Amino acid sequence: MVNPWFETVLEAQRRAQKRLPKSVYASLVAGTQAGITVNDNMEAFNELGFAPHVVGAQPERNLATSVMGQEISFPVMISPTGVQAVDPEGEVAVSRAAAARGTAMGLSSFASHAVEEVTAVNDKIFFQIYWLGSREDILARAERARAAGAKGLIVTTDWVFNVGRDWGSPEIPEKVDVKALLKMAPEIAVRPRYALRWFNRGHVNIPDLTAPNLTAKGETGPTFFGAYGEWMNTPPPTWEDLQWLREQWGGPFMVKGITRIDDAKRAVDIGATAISVSNHGGNNLDGTPGTIRLLGPIADAVGGDVEVLLDGGIRRGSDVAKALALGARAVMIGRAYLWGLAANGQAGVENVLDLLRMGLDSVLMGVGHKDVHELSRADLIIPDGFERAYGID
Ligand SMILES: Cc1cc2nc3c(=O)[nH]c(=O)nc-3n(C[C@H](O)[C@H](O)[C@H](O)COP(=O)(O)O)c2cc1C
């Protein structure tokens with residue numbers, strides 16, 4: 001039997017590929033168009049080196065920090081991802097894993113489990129908003145999340161309804177009915193363990209793909225496609241819309257999807273608590289540089305005014321250290337925990353968080369720091385031209 005513990009996120013990804021139906025795996029791995037951005041998100045980290053000391057390591061090292069008012073045991077949190085068809089327990093398993101490891105979680109608007117179920121097992125939940133429907137609809141969803149115990153909002157603005165992937169977009173059924181199941185049967189038949197997980201936990205009748213957090217009160221949510229259609233027909237938000245929501249909400253507020261300095265400054269102007277330098281994991285406009293190239297100049301410009309996070313391409317603890325050294329307060333992970341979830345459910349997500357923690361701790365030891373907040377550019381070897389600054393006023 002394979003040891004359930006995996007030693008790298010890449011190993012978790014290999015197991016995910018073996019265990020998930022082809023189309024489910026494809027929908028997670030892919031970025032848009034030619035995949036330039038999804039690849040650069042990961043590859044750019046490899047261009048950065050470390051400059052370690054060999055003597056003088058600190059015997060004890062502190063990794064704890066805080067994000068948007070929540071104390072977290074180390075600077076890695078869960079980035080929101082929608083429709084976690086990877087596992088029947090989806091976001092609830094991820095939330096438990098994050099709680100077990102003392103960290104926070106962003107819960108997607110397009111999550112497959114209700115916000116109340118997710119906050120019940122972790123008190124550090126931020127609810128993610130897509131601009132979908134009227135201002136009143138959006139606020140009502142945020143208020144429902146607040147009533148459930150959500151501690152902040154993450155507003156994701158970077159989505160251009162891009163279509164076309166060179167590796168082929170997976171077909172997502174409108175409704176999981178007999179017709180759809182028969183169509184998926186050949187790929188599910190060769191992934192018996194995946195099917196068993198759904199059957200074992202009483203999910204014999206696979207529910208329709210709905211978005212239960214897009215309603216104000218918890219009644220049955222719209223189907224995924226119904227919601228997506230409404231989203232496409234909603235005018236994209238302006239900065240004034242975001243400021244309005246920030247004021248109505250009145251609590252911790254993150255703008256996710258920043259890649260330019262001028263946009264980072266606008267987020268500060270509207271009173272955001274945090275930004276995430278993000279390109280939606282390479283799922284938005286292909287050709288956007290890897291986020292780690294953009295981080296340093298943005299953190300230099302606004303790091304004193306707003307908490308700066310990064311997401312995109314984090315697969316190792318050393319990636320976390322590189323982001324912190326370039327000015328991030330913390331990072332958010334997406335695919336890494338989805339691979340863990342696919343490989344071994346909640347324990348797999350905990351496994352991924354443990355790997356990132358241990359990898360970060362090793363870097364701290366190597367560069368001789370006793371606290372994550374001491375990491376800086378001086379710890380890195382940064383090739384000329386690596387950092388990219390856009391939108392300088
Ligand atoms: C399958 C998938 C679904 C996602 N769904 C959402 C979402 O619903 N809301 C959101 O703000 N970001 C979403 N993202 C983007 C992630 O929050 C995050 O920005 C990205 O995954 C980071 O890159 P990484 O996967 O390389 O860590 C999604 C990403 C993936 C891979």
Q | Long-range Cα-Cα pairs in region 15-67 (distance over 15 Å), rounded percent | A | 72 percent
Q: Would you please report the Å³ per residue occupied by the convex hull of the alpha carbon atoms in region 1-116?
A: 193 Å³
Q | Three principal axis lengths of region 282-336 [C-alpha, angstrom, descending] | A | 29, 26, 15
Q.
Among S112, A100, I138, which residue has its Cα furthest toward the positive end of the charge dipole of region 98-167, with +1 on Lys/Arg Cβ and -1 on Asp/Glu Cβ?
A. A100
**Q.** Net charge of neighbours whose Cβ lies under 15 Å from the Cβ of S95, counting Lys and Arg as +1 and Asp and Glu as -1
**A.** -3
(Q) Restricting to lysines 8 or more places apart or on different chains, can you count the pairs in the chain with Cα atoms under 27 Å from each other? (A) 22
Q | Gaussian network model of the chain, Cα within-10 Å springs - most flexible of A145, A114, A216 | A | A216
Q) Summing +1 for each Lys or Arg and -1 for each Asp or Glu, what net charge is found among the other residues whose Cβ lies under 14 Å from the Cβ of L285? A) -2
Q) In debye, nearest 20: dipole of the chain around its Cα centre with unit charges on the Cβ of K, R (+) and D, E (-)? A) 1120 debye
Q. Excluding V118 itself, what net charge comes from residues whose Cβ is under 15 Å from its Cβ, given Lys and Arg +1 and Asp and Glu -1?
A. 0
Q. Per-residue HN-Hα couplings for region 262-276, Karplus 6.51 cos²θ - 1.76 cosθ + 1.60 at θ = phi - 60°, whole Hz, x for Gly and Pro?
A. 5, 5, 4, 5, 5, 4, 4, 4, 7, x, 4, 7, 8, 10, 10
Q | Counting all C-alpha pairs of the chain, share separated by more than 39 Å (%) | A | 13 percent
(Q) Skipping prolines and chain starts, which residues have an amide H placed within reach, meaning under 5 Å, of the one on N62, given they are 5 or more residues away or on another chain? (A) D371, V372
Q) Got a number for carbon plus sulfur as a percent of region 242-339's accessible area, 1.4 Å probe? A) 37 percent
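The values are calculated or read from the model by the stated rules, or taken from the named source; none is laboratory data. Keep in mind the model is a prediction, meaning the values are calculated, not measured. Here Cβ is always computed from backbone atoms with ideal geometry, including for glycine, and neighbour counts include all displayed protein chains. Calculation scope for accessible area: heavy atoms of the full protein, side chains included, ligands and nucleic acids excluded. Shrake-Rupley method; radii C 1.70, N 1.55, O 1.52, S 1.80 Å.
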